[in-house]
Amino acid sequence: MEYITDTLYNLIHQSAFFNLTWKNGVMILIACVLLYFAIRKKYEPLLLVPIAFGMLLVNLFPDIMIKAEDAENGVAGLFRYFYLLDEWSIMPSLIFLGVGASTDFGPLIANPKSFLLGASAQFGVFAAYLAAIAVGFNDMAAAAISIIGGADGPTSIFLAGKLGQGDLMGPIAVAAYSYMALVPMIQPPIMKALTTKEERMIKMKQLRNVSKLERILFPIVVTIVVVLIIPQTAPLLGMLMLGNLFRESGVVKQLTDTASNALMYIVVILLGVSVGGTTSAENFLKIDTLLIVFLGLLAFAFGTAAGVIFGKIMCKVTHGEVNPLIGAAGVSAVPMSARVAQKVGAEEDPTNFLLMHAMGPNVAGVIGTAVAAGVFMAIFGV
């Protein structure tokens, strides 16, 4: 009888009920809110569902993220092995491969001025860098935090790992992916506040047709030029351009399909749950984490605003040929921010189709954020 009672006692006390704290409860609630946004509101569910569920699991069972050296049996938790792939920059690079294979760079090639809009949106990155230093983060931590302004989760993870900011990688990644998912909520008020109704109703000329030769040469030329200038961009930019070359060459359909579908989705699952696994209550509910989330929002808002403002400048210079709304797509949340530009424009005029025009700055933003990360790595000699 004593054996039975001792066994029941041990089972009860090993349950999650006896290990939960109020902080775990807060994180579980946050996870449920994110799942609500992902499932009910359909805000980037491919990202938010695995991240939120990883957050849920790690706060119910922290050992799922335990390090091998801290485990009694010397075996790390499941999510810890997934997370190592983030730290080694494998996951972010594979994500870029999939993005390149699934994205049409034609609008950017057809309208090279889009590069300027993508570059202007990087203002948020450098504004957040200065703000992070101002509130007390060191140079490398500030650089890792600032990339959130590009609304680019993979690049945020990549740079945090390269700059040795492993302790901040979880909050940075969660903030970056959360803001990517919440683009439809964050960007429209900024876009509307900075533009007039007349500007939002501007219809842009149809983009020219881009030849197959141009499409093939673009990823090759961009890789050569950018990597020669900033070699540190090679892992991200190189994989992005390789994926696009798969797509445009037309001779490796199997590789294109694998990179843009099966491989991409596998990586998203592993990266999502491992990022969510970094959000244990003890690691996440800290002042530094709240500052990172705030700075990320500041960076994203500044990046969106800078893109729209530069779009207004281009509108004036071109005598009304550019709709300023497409400047907001200069952040690299592909293709969500381009869709938001289309949606806001269509609210004023349902016959106004801005999506393909917005895809140019959107693709430029992906390249721009990768370049910004490379610049930071060059500055710090990484």
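The values are calculated or read from the model by the stated rules, or taken from the named source; none is laboratory data. Note that the structure is predicted; figures quoted are calculated from it, not measured. In this analysis, Cβ positions are derived from the backbone assuming ideal geometry, glycine residues included, and neighbour counts consider all displayed protein chains.
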At pLDDT below 90 and under 19 Å from Ala364 (Cβ atoms): does that describe Ala119?
yes
Kindly list the number of the only condition in (1) buried (at least 18 other Cβ atoms within 10 Å of the Cβ); (2) not in a helix (DSSP H, G or I) that fails for Pro235.
(2)
Only one of (1) part of a loop (DSSP other than H, G, I, E, B); (2) over 27 Å from Pro45 (Cα atoms); (3) touching a Pro at 6+ places or on another chain (Cβ under 9 Å) does not apply to Gly311, and that is (1)
Give me the pairs, please: first residue somewhere in the stretch 323-335 and more than 18 Å from Ala372 (Cβ to Cβ), second residue anywhere and part of a loop (DSSP other than H, G, I, E, B), beta-carbon distance under 7 Å, and either six or more positions apart or on two chains.
Asn323/Ile202; Asn323/Met204; Asn323/Leu354; Pro324/Thr195; Leu325/Thr195; Leu325/Leu354; Ile326/Leu354
Residues of the stretch 193-225 classified as in contact (Cβ under 8 Å) with a residue 40 or more places away in the chain, assigned to a helix (DSSP H, G or I) and over 11 Å from Ile109 (Cβ atoms), total
4
Among (1) surrounded by fewer than 16 Cβ atoms within 10 Å (Cβ to Cβ); (2) touching a residue at least 40 places away in the same chain (Cβ under 8 Å); (3) under 18 Å from Gln187 (Cα atoms), which single condition is Ala346 missing?
(2)
Go through (1) free of Cβ contacts under 8 Å to residues at least 12 places away in the same chain; (2) assigned to a helix (DSSP H, G or I); (3) of a type outside the set (A, V, I, L, M) and name the single condition Phe37 misses.
(1)
Taking the stretch 287-323 and the residues there that are crowded, with 18+ Cβ neighbours inside 10 Å and of a type in the set (Ser, Thr, Tyr), the one that is modelled with the lowest pLDDT would be Thr289
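Consider Thr278 carefully, then state whether it is surrounded by fewer than 16 Cβ atoms within 10 Å (Cβ to Cβ) and farther than 18 Å from Ala131 by Cβ. So that I can check it myself, show each step before the final result.
Values: surrounded by fewer than 16 Cβ atoms within 10 Å (Cβ to Cβ): no; farther than 18 Å from Ala131 by Cβ: yes.
No.
Matching residues to (1) of a type in the set (Asp, Glu); (2) on the phi < 0 side of the Ramachandran plot; (3) free of Cβ contacts under 8 Å to residues at least 12 places away in the same chain; (4) surrounded by fewer than 24 Cβ atoms within 10 Å (Cβ to Cβ):
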site: Gly118; (1), (2), (3), (4): no, yes, no, no
site: Phe126; (1), (2), (3), (4): no, yes, no, yes
site: Ile133; (1), (2), (3), (4): no, yes, yes, yes
site: Thr155; (1), (2), (3), (4): no, yes, no, no
site: Ala173; (1), (2), (3), (4): no, yes, no, no
Checking Ile145 against (1) in a helix (DSSP H, G or I); (2) more than 25 Å from Val308 (Cβ to Cβ), which single condition isn't satisfied?
(2)
Quick check on the stretch 13-34. Is at least one of its residues loosely packed, with under 13 Cβ neighbours inside 10 Å, at pLDDT 90 or above and part of a loop (DSSP other than H, G, I, E, B)?
no
Which numbered condition Phe284 misses (of (1) aromatic (Phe, Trp, Tyr); (2) farther than 30 Å from Leu60 by Cα; (3) more than 17 Å from the chain's Cα centre (by Cα); (4) modelled with pLDDT under 90):
(2)
Could you please give the count of residues in the stretch 163-183 that are at pLDDT 85 or above and out of contact with any Ser or Thr (no Cβ under 9 Å at 6 or more places or on another chain)?
3
